[in-house]
Amino acid sequence: EKGGYSTYMEKEINEQPQAVGDTLLGRTDEQGRLTLDELRIDEDKLRQVDRITIVACGTAAYAGMVAKYAIEHWTRIPVEVSLAHEFRYCDPIVSDRTLVVSISQSGETMDTLMAVKHARELGALTISVCNTHGSTIPRESDAVLYTHAGPEIAVASTKAFLAQITACYVLGLYLAQLRGGSYADDAQQVLTELHDIPGKITELLDGMERVREIARFMADTRSVLFLGRNVGYPVAMEGALKLKELAYIHAEGFAAGELKHGPIALIEPGQPVFIVVPGPSTPHGLHGKVVSNIQEIRARGARTLVIAEHGDTAVEPFADEIIRVPSTSPMLAPLLTVVPLQVFALELSSAKGLDVDQPRNLAKSVTVE
Ligand code: F6R
């Protein structure tokens, strides 16, 4: 049942190309335009949306953070991400033109369910991004956009995360398409690139041996930091969460720009730091800014584990290790850059002899508030 893999998590990591591919499948017409009739929401109603709030917990909330950058960039609709348990009890500002998107693999997370119910009571339009057919959150929402990751058994979420990001991209690009004009043209181009992602994940998964080796050498490590910027920031947070959950190692994800505002004080000789580097074509010179961050922490003795696109030579002088990922458009990069971090956490956990699929104190679906 584990398909030749020794753990469900490893199997599920390897199913990610399919999870992304299947989530895209059947959602474009012959002209290559997105069709989301399955939502059964009047297009005019979606055109009137003037604000989006994403509610979710844990890994699903990091998918939401990725979605915020992408949807705002593609549609110029303001998007906010709220942890569902915070949203529910903070007196949220919601109108009938607010779209509340919940993200949940299980569809049973009580915190997320309560947030959705509350949003509906307040008059918002609610869409559930969910992996489990017939579960509670989709039933309690106005519409559902299913992720097609297949059943996720390992407690730590991997393929569902990639499918959640993919579904949110689909939703964002669809909203851009509805806006028309140059928004729609740009959306078409990104959609083409999105279809290339499953093949790129496969290519990436084939080259993970060095990441495994690094993880095995680090079995005694007590703390790991993760830095990222823009869409790389939630990837850094997700990398840290995976390591906490699976290997019980203290880990923190930071926005790279925040480094000089405090966290750089943590850097001491030998401190391992993963850095998720934006592709060189990322707007606003963010690539160069993150490369300077690597330089700064290396100068203070950090051990720099750099995740960078193929051909990005600028990182070379400051990297102790370079993990290469295929290049793609900047907003889509999380579907690639998170993969080595998942593999790293998995391998470190098994190097420590821990139960990868069932980490201590955690349950697959959290059905209490
Ligand atoms: C992390 C993890 C959790 C879940 C969170 C939400 O690996 O599995 O953080 O992502 O509990 O669960 P769902 O998506 O089922 O609502």
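Filter region 150-159 down to the residues that are assigned to a loop (DSSP other than H, G, I, E, B) and within 14 Å of the ligand (Cβ to nearest atom), then identify the one that is surrounded by the fewest Cβ atoms within 10 Å (Cβ to Cβ).
Among residues in region 150-159 that are assigned to a loop (DSSP other than H, G, I, E, B) and within 14 Å of the ligand (Cβ to nearest atom), the one surrounded by the fewest Cβ atoms within 10 Å (Cβ to Cβ) is Pro151.
Quickly run through region 230-253 and pick out the residues that are surrounded by 24 or more Cβ atoms within 10 Å (Cβ to Cβ) and away from the ligand (no atom under 16 Å from the Cβ).
Asn230, Val231, Gly232, Tyr233
With (1) assigned to a helix (DSSP H, G or I); (2) closer than 30 Å to Ile41 by Cβ; (3) touching a residue at least 40 places away in the same chain (Cβ under 8 Å) as the list, and Ala184 as the residue in question, which single condition is left unmet?
(3) is the only condition that Ala184 fails.
Of everything in region 106-124, what is among the small types (Gly, Ala, Ser), more than 8 Å from the ligand (Cβ to nearest atom) and surrounded by 17 or more Cβ atoms within 10 Å (Cβ to Cβ)? Give them in sequence order.
Ala115, Ala119, Ala124
Results for (1) within 22 Å of Val81 (Cα to Cα); (2) in contact (Cβ under 8 Å) with a residue 24 or more places away in the chain, shown as yes or no for each residue.
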| residue | (1), (2) |
| --- | --- |
| Gln188 | no, yes |
| Pro198 | no, yes |
| Val231 | yes, yes |
| Val235 | yes, yes |
| Glu238 | yes, yes |
| Glu258 | yes, no |
| Leu266 | no, yes |
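State all residues of region 240-283 that are under 17 Å from Leu332 (Cα atoms) and part of a helix (DSSP H, G or I); if no residue qualifies, say none.
Selection gives Pro283 alone.
From the list Ile54, Ile103, Ile71, pick out the single residue that is more than 16 Å from the ligand (Cβ to nearest atom), crowded, with 22+ Cβ neighbours inside 10 Å, under 29 Å from Gly239 (Cβ atoms) and among the aliphatic types (A, V, I, L, M).
Matching residue, one of Ile54, Ile103, Ile71: Ile71.
Pull up region 85-123, narrow it to residues that are in contact (Cβ under 8 Å) with a residue 40 or more places away in the chain and acidic (Asp, Glu), then point me to the one that is nearest to Ser141 (Cα to Cα).
Glu108
Name the residues in region 340-369 that are β-branched (Val, Ile, Thr) and under 22 Å from Cys57 (Cβ atoms), would you?
Within region 340-369, Val356, Val366, Thr367, Val368 meet the criteria.
Condition check ((1) polar (S, T, N, Q); (2) under 19 Å from the mean Cα position of the chain (by Cα); (3) closer than 22 Å to Thr166 by Cβ) across all residues:
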| site | (1), (2), (3) |
| --- | --- |
| Glu268 | no, no, no |
| Ile275 | no, yes, no |
| Val306 | no, yes, no |
| Val315 | no, no, no |
| Met331 | no, yes, yes |
| Leu335 | no, yes, yes |
| Asp355 | no, no, no |
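Where a number appears in this text, it was derived from the coordinates with a stated rule and is not lab data. All of these numbers come straight from a predicted model, not from anything done at the bench. When we count neighbours, we look across all protein chains shown, and the Cβ atoms used for this are built from the backbone with ideal geometry, even at glycine.
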